[in-house]
């Protein structure tokens, strides 16, 4: 059974993002994918993400953004979580800065199990209590608990 | 209040689900009964049933992709971008009950009332994908005749003729493939197309291709149900296991089980026809004519056609064959009769697609491309085949009575135009016209009759 842990690995979680603008924040989180080999070529992957951003912003409001890219440079479906207490300038739909960022990387072809995880997680994010908890958690285990 | 919705986004990974969840949250808050179908990269989930759609007060489609709205004919339908459902779902609930009523183009209403369910809808899916191939292929072949004479002489004409043959030949895999696709979704396509191709190569005609399509569709449908793999291997199912297993199973069944009686039928009829020498020529014309129509270039029609072609082999210079003449002219009847019925006599009995196919069936019929009638026959086999067989048989017999003769195996109307190519050309055309009229009226009448009977039942 695939679980959230298989996609959102501890190494992909950064509870204190340094970047304050959109592009830098995405790059900061994407680097964790590269370190673990989940993404082989970061500029190809980042291109895919930024292209998606050009279509329409993934800053969906309530301080949440879910940038995502589908690319052959991705070896396994991965999810990164970055938090910024200060807020990231993101050009969100509601104009407010982003505090919770989920960066999604999907290969050109991937099995449904992983996509189902991402779909469940997306649904969870729409609940206010989930978002509040994410703002206050102190360690990785707590994050898994929220999503399980 | 009850509301149903669909969400979908271009990558189908996150927004689709966030929008669905937000609609559900907002609906719950307002005591609205809501169900949202998600069309994401996993496929459709939480699919709306017909009942749920019928019961709903309004429909919300929040999508950045194009969503098929056919299901929502006659419902209040609000269509917005997927981000709107994430950003302000409440607002959508206010707007949806006041939204305009969606209706599929007025065209649909005037069309023949058809029961779009089960086997019939699979059949129609296959037929609708096949029609353009028949039309493109047939018209190209006719064009080649027009440019290069009945033997498509010249580089351009022969190239167009070849193109036409290729497009026409693809109709079989397309028919089999999309019948199976309709039953079993994407995995059905491979075995369905293979089955259609096999049907074509063994002269099993459109009935063989249809049979193959259904066999492939239900095989895959069943395989998807019984094959359960551990999740680590589940990715292999659509790309490796389903295609290979279904092609092997369907292909071998087509070849060794379906194929045997079809080949036997074809050979048996050929031998039987050869034993008929000396038979009354009018009866022979009646028989050959009927055979040309009864399965539209299937095993029986092919046997009749090659019997005609064989009669050309021992002709002396300047001689013509009455057998070949009867075969060709009766093979022109089915598409012409269906064209007559669908574009003149009974327009409202046919779907828009069929009426369009009917227009090109005029050209196909005149070019002796019996396949022009296949879209109609596949959609309603019994009534269409019976009707066209009667007219074709009459035409075949008349051609014999009028002592018409030709010396070439194809070309249709283009042969008529060559001075001296057809013995008794005017009577030949008369024979064609009579058979076409008989079949055209007959098929229109039985279709009207069956619709009335259907209406009386309801």
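The values are calculated or read from the model by the stated rules, or taken from the named source; none is laboratory data. For clarity, every value in this text was computed on a predicted model and none was experimentally measured. Heads up, the Cβs are rebuilt from the backbone with ideal geometry, glycines too, and the neighbour counts pull from every protein chain shown.
Is at least one residue of the range B:423-432 outside any loop (DSSP other than H, G, I, E, B) and either modelled with pLDDT under 85 or under 26 Å from the mean Cα position of the chain (by Cα) (or both)?
For the range B:423-432, residues outside any loop (DSSP other than H, G, I, E, B) and either modelled with pLDDT under 85 or under 26 Å from the mean Cα position of the chain (by Cα) (or both): present.
Assuming residue B:47 fulfils every condition listed in (1) in a strand (DSSP E or B); (2) under 36 Å from the mean Cα position of the chain (by Cα); (3) away from every other protein chain (no Cβ under 12 Å) apart from one, which condition is it?
Condition not satisfied by residue B:47: (1).
What's the total number of residues in the range B:177-188 that are assigned to a helix (DSSP H, G or I) and farther than 25 Å from residue B:260 by Cα?
Restricting attention to the range B:177-188, the residues satisfying the condition of being assigned to a helix (DSSP H, G or I) are B:177-184, B:186-188.
Subset that is farther than 25 Å from residue B:260 by Cα: B:181-184, B:186-187.
So the count comes out to 6.
Considering (1) in contact with a helix residue (DSSP H, G or I) (Cβ under 6 Å, 6 or more places away or on another chain); (2) in contact (Cβ under 8 Å) with a residue 40 or more places away in the chain, say which one residue B:193 fails and leave the rest.
Here residue B:193 meets the rest and fails (2).
Being farther than 19 Å from residue B:84 by Cβ, within 12 Å of another protein chain (Cβ to nearest Cβ) and in contact (Cβ under 8 Å) with a residue 24 or more places away in the chain is the filter here, so list the residues in the range B:29-44 that pass it.
B:41, B:42
Just checking, does the range B:5-23 include any residue being more than 9 Å from chain A (Cβ to nearest Cβ), within 25 Å of residue A:71 (Cβ to Cβ) and in a loop (DSSP other than H, G, I, E, B)? Spell out how you get there, then give the answer.
Going through the range B:5-23, the residues more than 9 Å from chain A (Cβ to nearest Cβ) turn out to be B:5-9, B:23.
Okay, now just the ones that are also within 25 Å of residue A:71 (Cβ to Cβ), so B:7-9.
Within this subset, residues satisfying the condition of being in a loop (DSSP other than H, G, I, E, B) are B:9.
Yes - at least one qualifying residue is present in the range B:5-23.
Can you tell me which residue in the range B:189-236 is nearest to residue B:170 (Cα to Cα), limited to those that are in a helix (DSSP H, G or I) and within 14 Å of chain A (Cβ to nearest Cβ)?
Initial filter on the range B:189-236 (in a helix (DSSP H, G or I)): B:189-201, B:205-226, B:231-233, B:236.
Still in the list and also within 14 Å of chain A (Cβ to nearest Cβ): B:224, B:231-233, B:236.
Working: B:224: 27, B:231: 37, B:232: 37, B:233: 34, B:236: 29 Å.
Top of the filtered list is B:224.
Which one of B:58, B:26 is away from chain A (no Cβ under 14 Å) and either crowded, with 23+ Cβ neighbours inside 10 Å or within 17 Å of residue B:83 (Cα to Cα) (or both)?
B:58
For the structure I just gave you, tell me whether residue B:133 is under 23 Å from residue B:360 (Cβ atoms), at pLDDT below 85, crowded, with 20+ Cβ neighbours inside 10 Å and out of contact with any strand residue (DSSP E or B) (no Cβ under 9 Å at 6 or more places or on another chain). First the steps, then the outcome.
Details: under 23 Å from residue B:360 (Cβ atoms): yes; at pLDDT below 85: no; crowded, with 20+ Cβ neighbours inside 10 Å: yes; out of contact with any strand residue (DSSP E or B) (no Cβ under 9 Å at 6 or more places or on another chain): yes.
The answer is no for residue B:133.
Filtering the range A:105-115 down to residues that are assigned to a helix (DSSP H, G or I) and within 17 Å of the chain's Cα centre (by Cα), which residue is farthest from the other protein chains (Cβ to nearest Cβ)?
Just the residues of the range A:105-115 that are assigned to a helix (DSSP H, G or I), to begin with: A:112-115.
When the remaining residues are screened for being within 17 Å of the chain's Cα centre (by Cα), the result is A:114-115.
Details: A:114: 10, A:115: 5 Å.
Filtering the range A:105-115 for residues that are assigned to a helix (DSSP H, G or I) and within 17 Å of the chain's Cα centre (by Cα), the one farthest from the other protein chains (Cβ to nearest Cβ) comes out as A:114.
Look at residue B:268 and say whether it is touching a helix residue (DSSP H, G or I) at 6+ places or on another chain (Cβ under 9 Å), within 19 Å of residue B:192 (Cα to Cα) and part of a helix (DSSP H, G or I).
Numbers: touching a helix residue (DSSP H, G or I) at 6+ places or on another chain (Cβ under 9 Å): yes; within 19 Å of residue B:192 (Cα to Cα): no; part of a helix (DSSP H, G or I): yes.
Spelling it out, it is not the case that residue B:268 is touching a helix residue (DSSP H, G or I) at 6+ places or on another chain (Cβ under 9 Å), within 19 Å of residue B:192 (Cα to Cα) and part of a helix (DSSP H, G or I).
Give me the strands (runs of 3 or more DSSP E) completely within the range A:1-104, filtered to those with at least 3 residues that are within 12 Å of another protein chain (Cβ to nearest Cβ), ordered by residue number.
On the way: elements: A:59-61, A:68-70, A:78-88.
Because the criterion is at least 3 residues that are within 12 Å of another protein chain (Cβ to nearest Cβ), the strands (runs of 3 or more DSSP E) in the range A:1-104 that meet it are A:59-61, A:68-70.
For residue B:206, work out the one condition from (1) modelled with pLDDT of 85 or more; (2) closer than 30 Å to residue B:264 by Cβ it doesn't fulfil.
All conditions are met except number (1).
Would you check which residues across the range A:116-137 are more than 10 Å from every other protein chain (Cβ to nearest Cβ), free of Cβ contacts under 8 Å to residues at least 40 places away in the same chain and either in a loop (DSSP other than H, G, I, E, B) or under 21 Å from residue B:38 (Cβ atoms) (or both) and list them? Step through it out loud before you land on a result.
Going through the range A:116-137, the residues more than 10 Å from every other protein chain (Cβ to nearest Cβ) turn out to be A:117, A:129-137.
With free of Cβ contacts under 8 Å to residues at least 40 places away in the same chain added as a condition, the list becomes A:129-130, A:132-133, A:136.
Matches in the range A:116-137: A:130 only.
Please tell me if residue B:242 is more than 30 Å from residue B:292 (Cα to Cα) and either under 21 Å from the mean Cα position of the chain (by Cα) or buried (at least 20 other Cβ atoms within 10 Å of the Cβ) (or both).
In short, yes.
If you check B:313, B:320, which single one turns out to be assigned by TED's automatic domain parsing to the domain that holds residue B:289, out of contact with any strand residue (DSSP E or B) (no Cβ under 9 Å at 6 or more places or on another chain) and more than 21 Å from residue B:442 (Cα to Cα)? Walk me through it before giving the result.
Details: B:320 fails: out of contact with any strand residue (DSSP E or B) (no Cβ under 9 Å at 6 or more places or on another chain).
After applying the criteria, what remains is B:313.
Given the criteria closer than 16 Å to residue B:341 by Cβ and not in a strand (DSSP E or B), does residue B:399 qualify?
Details: closer than 16 Å to residue B:341 by Cβ: no; not in a strand (DSSP E or B): yes.
Answer is no for this residue.
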